[in-house]
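The values are calculated or read from the model by the stated rules, or taken from the named source; none is laboratory data. Computed from a predicted model, the values in this text were never measured in an experiment. Cβ placement follows ideal geometry from the backbone for every residue including glycine, while neighbour counts extend to all protein chains displayed.
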Amino acid sequence: MNIIIITVIHIWILIVLPEVDGYINEMKCNVQNNNVDCSRLALTRIPRHLPTDATSLDLSRNNITIVKAFTFQDFQNITELHLDLNAIQSIEKMAFRGLLRLQRLHLGTNSLKMLPSGVFDNLNCLQYLSIDNNKLEGYQADQIKEISTILSLRTLSFDIYPNFQFPSQWSTLRKLNRLMIFPKSKKMQFNNEMFAHIKMLSIMSLHLHKVPFISEDFFEHFPKLDSITLWLGHDLPNNPVDQIFRSFGVLKGRNMTNIEIAFSRFSNQFNLDFSKIKYLWPICLQRLTLHDLYITSIGLYAFQRFSVATKCLEYLEISKNIILGQQGALLLYIQNIKTLKVLKIIDNKRNGRSKDAKRSEHSSINFIFPKSLEELYIEKDIKDNLYNIVFNNSFNLRVVSLKDNDFWTCVGSFRGVQNVEYFDMSGWTCSQLSINLLYGFTSLQTLKASGSLLGQGFVNTAYAGFFLSESLRIRDINLSSNKITTLPKGFFMHPFDQLSFLNMSHNNLTVFPQFHSSVKILNLIDLTFNSITHFADNDIDQIEKLGEVELLLKGNPFQCSCKTLQFLKWLSKSERVRDILDVTCVTDSASRTFIFEVISDLKTFEISCKTKFWLPFAVSITSIIIFAMILIVIFFRYKYAVEYFLLRFKMKMKNYIELQQEYTHDAFISYSHTDSVWVKQFHDKVNSMGFDLCLDAKDFIAGNGIAENVINAIDSSRKVIFIITHNFLKSSWGSYEMEMTRMHAFQKGREDMVIIVVKDKIKVIDMPEIMKSIWFKIICIQWPNDDNLPYNTEELFYEKIKISLQQNEESTRNVVS
């Protein structure tokens, strides 16, 4: 029983799991506008769950090994099918049944060894078929037979092997006009006999993917040939270039659209001299491309003859060669090609000038072009300083691309470019920049300046905000990858009323650019991969004023915090951010999240922000209130102490100097002014006993504050006599003077300086708290009344006063510190 269960599990693993895995990969197919792209998904079989209304299906670059019958029977709308670059070994007979509208079928670069009979039946609309780079060598007859049934075929790409001859059976392919031939042997020879039957067809375009050998009369069997593409191959032992140019001899006097010669090997480098070029100028040729051939030099005399003799050339490309220092000389003769519209001199790895060999800053370089020239591409080809460049005869020039040249400075300018609409200066080194660089481009519509170190150039250039001020017709600006941290002041504050696209990606911008009010039709601004954390309110206002503009923002370090709440609110309402699903932000907890997840629950986020604000605010206010209440309590509890020290500080600020001599008075009398009559008698009596008493009425200094006079009186007296009456206890000044006396006694160590005279009948428990706190240190003398007579008489009272004032006289007369 266990063996059966284990067997079932193994079968399930072998059958079901691959199905699940395949289905998961199928779900990764990209579907856009009926175009289904399932390429590069490591598929091992053709998916089953694809939209049947697809018009294009790409299954290339997978691991598919078989195409089963009726796989595409439900895909009746497909016009193009890619099965190339897989590992297909077998195609069943009815595999393409149902593809009634199929026009292009790609089966190249697989492992096909045979084509089953009838495999292309009913493909009545098929115009393009590629079966190159397979393994059909042993089944040439079957291949020939099956292809001959595709009567609608116009383009055929296939392999050939040694001793191949164009099959007569293909003479039925009356619409075939383009051949793409892939030789599978380095010993292949393209000769006259190979294509003896080709005359029956109107072949107009011929592509030879590798040319080991070609005879001089090879093209005689192609009377209607209009375009030739010859890829020499990187693995050929011998250079067939001489044979190739001689084979063009039979094309003399013909009108041709294109000749392209490309892809040789380094060891097969050669000089393009008169012996080769002479075969080109007798042809009325419109396009000539010499690409990746390792041409080391071009004969100047030969090129001059060619430039004068050619009458039809509209497109000339010399690219990816190793021409050493001849481009300038070649450009001298370009003016002779009167029909030339497009000139491309690209990546020829020439030796440029050294940085030490600098021209004068005011020098100019003049170029004379044919008046017909419309597009100029000189790319990755120059090492020099850029100063002043003058284009002559450039009235029809519309496109100038000088990208990826090694210009060490950008301090020059251009003239003769007033009609240029497209200019590419990407890849320059513009750490030194002239604001006049683009002044001549008054009709410029597209500027490409990616990776040109303009950020550094703007910093080093005064008035860099005027860099684009003369190009007011501009529509498309690309300033990406320039290390721009801050745009120059006023950079976009010019009337660019036709500006529709701006690319500022991969810089270091932190704020949104400011634009002139006339910018109204801007469609897209790319700000991806900058250093923007949020948009401020004025940035948002600027965006809203730009009309229907859309933004690309991914790759910025946006902040999802309470400080950026207004920005997040705007994002949640705005539909301007095209890539909002890819934009991320950093939260307060330093975690990274997708910003759409934050704005999708913005209400909760806003509540949390309010909580974060009000809680600390409430705690702060509460703390302040509690602290203030404590201060108030402390102040009222120790208000006299505070006032005493404040008064001391105030007196110190007035340069008050404490007495450094004997006391001025024997005692200071503190009393209630309601008792002033009795106090006057008391003062006179004690004064007659030889004591000098301080009394406010006679000793306080006019102009000083009462508190200051009290402190001075206490300081200048050995004793303080408090006349305690009911009136005194009601007096605020009495309490004040007692507190000041207590503070002074405590600070100066004179706790025994207080004498209390109790005039009225007052119990100790009714005394002020301050008096009770120091009761054990004071001298208390009772005024005679009915309760204490005859033991206390007026004479005894004054005798006690005398004794108290004389007590510790020696010590109390010491110098006060």
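The table for this structure:
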{"read-out": "Residue in the range 141-153 that is of a type in the set (Val, Ile, Thr) and within 56 Å of the chain's Cα centre (by Cα) present", "value": "yes"}
{"read-out": "Verdict on Asn709 being part of a helix (DSSP H, G or I), at pLDDT 70 or above and under 30 Å from Glu795 (Cβ atoms)", "value": "no"}
{"read-out": "Options Asp684, Asp666; residue that is under 30 Å from Asp760 (Cα atoms), in contact with a Phe, Trp or Tyr (Cβ under 6 Å, 6 or more places away or on another chain) and at pLDDT 65 or above", "value": "Asp666"}
{"read-out": "Candidate set: the range 187-243, residues that are closer than 21 Å to Leu293 by Cα and touching a Leu at 6+ places or on another chain (Cβ under 6 Å); chosen: the one surrounded by the most Cβ atoms within 10 Å (Cβ to Cβ)", "value": "Val211"}
{"read-out": "For Pro162: the one exception among (1) touching a helix residue (DSSP H, G or I) at 6+ places or on another chain (Cβ under 9 Å); (2) more than 21 Å from Leu59 (Cα to Cα); (3) of a type outside the set (Phe, Trp, Tyr)", "value": "(1)"}
{"read-out": "Residues being in a loop (DSSP other than H, G, I, E, B) and within 24 Å of Ile181 (Cβ to Cβ) - total across the range 97-114", "value": "10"}
{"read-out": "Residue list for the range 143-169, restricted to those being surrounded by fewer than 18 Cβ atoms within 10 Å (Cβ to Cβ) and of a type in the set (A, V, I, L, M, F, W, C)", "value": "Ile144, Leu151"}
{"read-out": "Scan of the range 45-85 for residues that are more than 18 Å from Leu129 (Cα to Cα) and among the β-branched types (Val, Ile, Thr), ordered by number", "value": "Ile46, Thr52, Ile64, Thr65, Ile66, Thr71"}
{"read-out": "Pairs, first at pLDDT 70 or above and outside any loop (DSSP other than H, G, I, E, B) in the range 15-41, second surrounded by 12 or more Cβ atoms within 10 Å (Cβ to Cβ) and among the β-branched types (Val, Ile, Thr), C-beta under 8 Å, six or more apart", "value": "Asn30/Val36; Asn35/Thr55; Asp37/Val31"}
{"read-out": "Residues within the range 514-535 that are out of contact with any helix residue (DSSP H, G or I) (no Cβ under 8 Å at 6 or more places or on another chain) and part of a loop (DSSP other than H, G, I, E, B), tallied", "value": "14"}
{"read-out": "Filtered residues of the range 109-140 (kept if surrounded by fewer than 16 Cβ atoms within 10 Å (Cβ to Cβ), under 54 Å from the mean Cα position of the chain (by Cα) and among the charged types (D, E, K, R))", "value": "Lys113, Lys135"}
{"read-out": "Subset of the range 763-812 that is out of contact with any Lys or Arg (no Cβ under 9 Å at 6 or more places or on another chain) and β-branched (Val, Ile, Thr) - its residue that is modelled with the highest pLDDT", "value": "Ile803"}
{"read-out": "All positions within the range 155-201 that are over 57 Å from the mean Cα position of the chain (by Cα), more than 21 Å from Met114 (Cα to Cα) and of a type outside the set (Lys, Arg)", "value": "Ser171, Thr172, Asn191, Asn192, Glu193, Met194, Phe195, Ala196, His197, Ile198, Met200, Leu201"}
{"read-out": "Out of Leu453, Leu386, Leu437, Leu373, sole residue that is aliphatic (A, V, I, L, M) and at pLDDT 95 or above", "value": "Leu373"}
{"read-out": "Residues within the range 68-97 that are within 22 Å of Leu136 (Cβ to Cβ) and of a type in the set (Asp, Glu), tallied", "value": "2"}
{"read-out": "Matching residues in the range 244-285 - criterion: being in a strand (DSSP E or B) and farther than 16 Å from Ile318 by Cβ", "value": "Asn255, Met256, Thr257, Cys284"}
{"read-out": "Residue count, the range 368-394 (criterion: assigned to a loop (DSSP other than H, G, I, E, B) and not hydrophobic (A, V, I, L, M, F, W, C))", "value": "8"}
{"read-out": "Residue match in the range 263-274 (condition: surrounded by fewer than 17 Cβ atoms within 10 Å (Cβ to Cβ), within 50 Å of the chain's Cα centre (by Cα) and hydroxyl-bearing (Ser, Thr, Tyr))", "value": "yes"}
{"read-out": "Unmet requirement for Glu146, which otherwise passes all of (1) assigned to a loop (DSSP other than H, G, I, E, B); (2) in contact with a Phe, Trp or Tyr (Cβ under 8 Å, 6 or more places away or on another chain); (3) within 21 Å of Thr109 (Cβ to Cβ)", "value": "(1)"}
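Residues checked against (1) of a type in the set (Gly, Ala, Ser); (2) out of contact with any Leu (no Cβ under 8 Å at 6 or more places or on another chain):
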site	(1), (2)
Tyr439	no, yes
Ser443	yes, yes
Lys448	no, yes
Leu453	no, yes
Thr461	no, no
Ala464	yes, no
Glu470	no, no
Asn478	no, no
Ser481	yes, yes
